[in-house]
Amino acid sequence: MICFRFAFKFMVAWGSDLGGPVTFSRRDFVKTSVLGAVAAGAHAAIPEALAESSQQGHASQSDSPKRPIILCAQNGYAYAEAAYAFLKSGGDTLDAGVRVVMGPENDPNDDSVGLGGLPNEEGVVELDACCMHGPTRRAGSVGGVRNIKNVSMVAKAVMEHTGHVMLVGEGAERFAVAMGFPRENLLTERSRKIWLLWKETHSDRDWWGPGMADPHWRPPVLDSKPQADLWQDRIRQLQQRAADLGIEPEFQLAAVRRVLFPPTGTIHCSVLNEKGEMSGITTTSGLAFKLPGRCGDSPIIGAGCYTDQDIGSAGATGAGEENIKVAGAHTIVENMRHGMSPQEAGLDALKRIVRNYNGDMSKLHFMDMTYYILRKDGAYAGVCLWEGSSAGNPHKFTVHDGTLRSENATPLLKGYSLEWPPMPNVPEDLKKDSYYLK
Ligand code: ASP
């Protein structure tokens, strides 16, 4: 039955390719015969025309890597050493990547990934992840998963234990439980309080937050104070409310920043071993306070992650919606296939984002994007749309090729991204990146 289903699919595909009644040219006949021979289990030689598919290509002059490399987003730094030791001892490239990304997934204080990720607008944590295993040319992905923290491993399980590539929502959660992943509450107390602070303050037109009967209630400031003073008032109120909610004093300003400018955050990791095998993996809780069901680029094979064993691997963190529209990771790998260096390939993908806005800086300033790029010969690059989120805060990435280090990503545009939503005269102390403040 299954064989019949596949055979039928092949026929439909061939027929629709030809656009109408199925007629075969001599060339098509050769192709079809080869497929038929393969399907029948015969070890037919594949004609040259098929063997050199348009997907193959050349990564560089010499494809052999000099040494294993782990390339990942900066929040993977603390986990790269152990993953590198595992890789050096002969561990699989995807398993090494999982070892890196599970670090932030398990860390309740990293509120951009896994446990403790900032929730959607209803206060529910929803996670996305995808992976590609170069040596076996397989992929797995999950989107909008609730209650399971290691979604990177669930994506790998989809790849290994199903005939599918992508599972989402409740089905993905049920699959994970069937595979033995424990269900747990992913909303830490800190993330819940930040969400509550956001819920109470992002709108002054609903009934969240203390009402007029509360002794501390004050009418909204309607006078014409200077902007800077209004800002100070607002931040002071938010900080007070954060304190009332029990957020630790040293984290209150960071919480206010997350409420005013809902953050994104993710981890991607690409890995290469001495044999030239490659894998890539990406995992995230996505955009804070997103609409329930929103999936960004991280679970999309070809956007948040793409690995081609012949060429290289790439992944992304940043504005997911923008990255999906340029199929960023796939575009980068294709660019390298056609001869670009990792840096050129990444900058070209960023230029496509700029092109989508016709270069309108008044819009582009409110988005940012970082790509992590590893070629099969070991050449690598990190590139970003803007230099960073503020002066002295450049976009960094982590590399381990025997020496663990951080490097600055190469920006396409000079200057710094602005927070979304736009607000005038953001005070200096709020501009500081307190993202990893613990
Ligand atoms: N790309 C992720 C998303 O859009 C977020 C991020 O990387 O910051 O979900």
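Heavy-atom accessible area, probed at 1.4 angstrom with all protein chains present, ranks HIS133, HIS365, HIS164, HIS216 as HIS216, HIS164, HIS365, HIS133, highest first.
Shown are GLU122, GLU105, GLU173, whose ranking by accessible area with a 1.4 Å probe and every protein chain present, most to least, is GLU122, GLU173, GLU105. Taking the centroid of alpha carbons for each part, the range 293-307 and the range 73-134 are 15 Å apart. Against the criterion of solvent-accessible heavy-atom surface with a 1.4 angstrom probe, TRP217, TRP420, TRP208 sort, most first, into TRP420, TRP208, TRP217.
Among the listed pairs LYS88/LYS396; LYS66/LYS351; LYS149/LYS290; LYS156/LYS290, those whose Cα-Cα separation exceeds 29 Å are LYS66/LYS351. Subtracting the Cα-Cα distance of VAL124 and VAL177 from 0.36 nm times their residue separation leaves 17.3 nm of extension gain. Spacing of the modelled spin labels on GLN232 and SER341, each 7 Å from Cα toward Cβ, amounts to 4.9 nm. Using Cα centres only, tell me the gap between the range 331-349 and the range 357-397 in whole Å. Their Cα centres are 14 Å away from one another.
Computed on the range 201-352, with alpha-carbon pairs under 8 angstrom and 6+ residues apart, the relative contact order is 14 percent. For the range 138-221, pairs of C-alpha atoms spaced more than 18 angstrom apart make up 57 percent of the total. Counting every pair of alpha carbons in the range 250-315, the share spaced more than 13 Å apart comes to 69 percent. Largest first, the three principal axis extents of the alpha carbons in the range 188-345 are 67, 34, 29 Å in whole numbers.
The length gained on full extension between ASN393 and ASP206, counted as 0.36 nm times the residue separation minus their Cα-Cα distance, comes to 63.7 nm. Using 1/(1 + (r/R0)^6) with R0 = 25 angstrom and r between the beta carbons of LYS66 and ARG137, what's the FRET efficiency to the nearest 0.05? In this case the efficiency is close to 0.55. Each residue of the range 260-271 was assigned a 3J(HN,Hα) from its phi angle through the Karplus expression (A = 6.51, B = -1.76, C = 1.60, θ = phi - 60°), giving 6, 10, x, x, 10, x, 6, 10, 10, 9, 10, 9 Hz with x at Gly and Pro. Maximal additional length on extending the ASP244-ARG218 stretch stands at 7.8 nm, based on 0.36 nm per residue less the C-alpha distance. Between THR162 and TRP420, the modelled label-to-label distance comes to 2.9 nm, taking each label 7 Å out from Cα in the direction of the beta carbon. Computed about its Cα centre, the charge dipole of the range 305-349 is approximately 20 debye, with only Lys, Arg, Asp and Glu carrying charge at their Cβ. For GLY114, the residues 5 or more places off, or on other chains, whose built amide H falls under 5 Å of its own are THR284, SER285.
The values are calculated or read from the model by the stated rules, or taken from the named source; none is laboratory data. Just so we're clear, the structure is a prediction, and the values are computed from it rather than from any experiment. Every residue, glycine as well, gets a Cβ built from its backbone with ideal geometry; the counts of neighbours run over all protein chains shown. To get the accessible areas, we keep the full protein, side chains included, count just its heavy atoms, and leave off ligands, DNA and RNA. Shrake-Rupley method; radii C 1.70, N 1.55, O 1.52, S 1.80 Å.
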